[in-house]
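Colleague: Please read through the structure below; I'll follow up with questions.
The values are calculated or read from the model by the stated rules, or taken from the named source; none is laboratory data. Here the structure is a predicted model, which is why all the values come from computation and not from measurement. Don't worry about glycine lacking a Cβ; one is built from the backbone with ideal geometry, like all the others, and counts go over all protein chains shown.
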C-alpha cells in the first residue's frame, strides 16, 4: 500500500462499514427487492471501471439473439444529459442515453434498450411496452440490488483483480471483496491471449476464497481499424509510421499494445473514463497531431469514444482529419466458451419455461 493509500485507508473503513450495512439491509429484506417473472441477468464488477462490462454484455446479446430470444437491456446511462426513463431509438445519441448504451444500440439496431437510474421502473416500463420480452440484461448492476437478478455475472480485470484491491477511496472497490460471493459466475476479463494452465490455476487459487462458484476467463479481441463515421478516408489500414491515440476509457493498456503492431511510434493522450469532449479538447488533439512531423500518421480512438465525439461542432472540426477507431469483442479461453454459453442458456431456458407455466396457471384460475 502506498503512502497516499495509507492516509485514505481510515476513510475506506468507514466506506466499507456503510456498504456492509446497506448489503445487510438487502439481505434481511429490510430494503425492498423487486422480482420479475422473466429471466434477469445482471452484469457488473467490484472495481470502479476498466473490467469490460459492455463487451461482455454485447457477447450476451449476440448469444441470446442467436437463439431467437427477445432481449432487452436496461442501463443507468452513466453521464447522460437526461433523467428518468429513456427508450433508445435509432436517433438517440450518447448525450441522451450514455456512451455505452449508445454503442450497444448502434451495434444491435433491433435491440430493445432503455436507460433509467431506477432499474425497477426501467424494467416495468419496458414490460408494459414489450410484454413479450424473454430476458433482461442489466448492465453495470452488481451493486444495484433493488432488482433481484436471477443470475449475477461478476467481471474482474486479470491485471487488476478485485482480490488485490482496496475499498474506496484508498483503492477502487465499490464494496468489500466478500461481495463476490453473490455472483453465480465470475469472469476474469482481459486475460493473456495464451493463458497457461499453471498460471490459470494459481490465479484461481488466490481468488476462490472470495468466490466459490465457477471462474471462467475471457480475452479481448481487437478488430480491424475502421474509419470514423462519415469521414471519407482510406480504409484497410495495414501499417503507418505514427499513430496518435486518444482515449476516454479507464484502461487503454491492451489497445496501446495492439496498436504498436501497426506503427513505429505510438503517442497516447489520456482523458478520464467517459470523458465528455469539447472543442477545446479537440484543439489539444489536433495540435498534438500537427506537431507530429511525420507525413505517414493517423489519429485513433476507441469504439466507446466515438459516441461522445458525434456532436455537430466536433464532427465539423475533425472532418479533415484521418481519424479511425478500433472495435473490440471478447472471446472466452478454450472450453470456457462452452461452459459460459451453457450456463446462460440453461438459466434462460429454465426460467422462461417457469414463467410460461406460471402464466398458464394464472390464466387458468382467472
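Colleague: Output the residues belonging to region 51-84 that are out of contact with any strand residue (DSSP E or B) (no Cβ under 6 Å at 6 or more places or on another chain) and assigned to a loop (DSSP other than H, G, I, E, B).
Modeller: Selection gives 67, 68, 70, 76, 78, 79, 80, 81, 82, 83, 84.
Colleague: Regarding residue 143, is this residue over 17 Å from the mean Cα position of the chain (by Cα) and at pLDDT 95 or above?
Modeller: no
Colleague: Additional query: Check 229, 327, 252 and return the single one that is surrounded by fewer than 15 Cβ atoms within 10 Å (Cβ to Cβ) and touching a residue at least 12 places away in the same chain (Cβ under 8 Å).
Modeller: Of 229, 327, 252, the one residue that is surrounded by fewer than 15 Cβ atoms within 10 Å (Cβ to Cβ) and touching a residue at least 12 places away in the same chain (Cβ under 8 Å) is 229.
Colleague: While we're looking at this one, here's another question. Looking at the structure I just gave you, is residue 309 buried (at least 19 other Cβ atoms within 10 Å of the Cβ), at pLDDT 95 or above and at negative phi?
Modeller: yes
Colleague: Scan region 1-33 residue by residue and report those that are in contact with a helix residue (DSSP H, G or I) (Cβ under 9 Å, 6 or more places away or on another chain) and not in a loop (DSSP other than H, G, I, E, B).
Modeller: Once the filter is applied, which keeps residues that are in contact with a helix residue (DSSP H, G or I) (Cβ under 9 Å, 6 or more places away or on another chain) and not in a loop (DSSP other than H, G, I, E, B), region 1-33 yields 5, 12, 19, 20, 23.
Colleague: Among (1) farther than 22 Å from residue 59 by Cα; (2) outside any helix (DSSP H, G or I); (3) in the same structural domain as residue 9 (by TED's automatic domain parsing), there is one condition residue 117 misses while meeting the rest; what is its number?
Modeller: Unmet condition: (3).
Colleague: Please give the number of the condition residue 257 fails out of (1) closer than 30 Å to residue 339 by Cα; (2) outside the structural domain of residue 165 (by TED's automatic domain parsing); (3) assigned to a loop (DSSP other than H, G, I, E, B).
Modeller: Only one criterion is unmet by residue 257, namely (3).
Colleague: Something else about it: (1) in a strand (DSSP E or B); (2) free of Cβ contacts under 8 Å to residues at least 40 places away in the same chain: which one isn't true of residue 193, the others all being true?
Modeller: (1)
Colleague: Look at region 138-168 and say how many of its residues are out of contact with any strand residue (DSSP E or B) (no Cβ under 9 Å at 6 or more places or on another chain) and part of a helix (DSSP H, G or I).
Modeller: 1
Colleague: Pick from region 61-112 the residues that are within 14 Å of the chain's Cα centre (by Cα) and within 19 Å of residue 132 (Cβ to Cβ): which of them is surrounded by the fewest Cβ atoms within 10 Å (Cβ to Cβ)?
Modeller: 61
Colleague: State which residue is surrounded by the most Cβ atoms within 10 Å (Cβ to Cβ) when the search covers only region 172-190 and only residues that are in a loop (DSSP other than H, G, I, E, B) and within 20 Å of the chain's Cα centre (by Cα).
Modeller: That would be 183.
Colleague: Right, next: Is it true that residue 319 is out of contact with any strand residue (DSSP E or B) (no Cβ under 7 Å at 6 or more places or on another chain), farther than 16 Å from residue 237 by Cβ, touching a residue at least 40 places away in the same chain (Cβ under 8 Å) and loosely packed, with under 14 Cβ neighbours inside 10 Å?
Modeller: Criteria met by residue 319.
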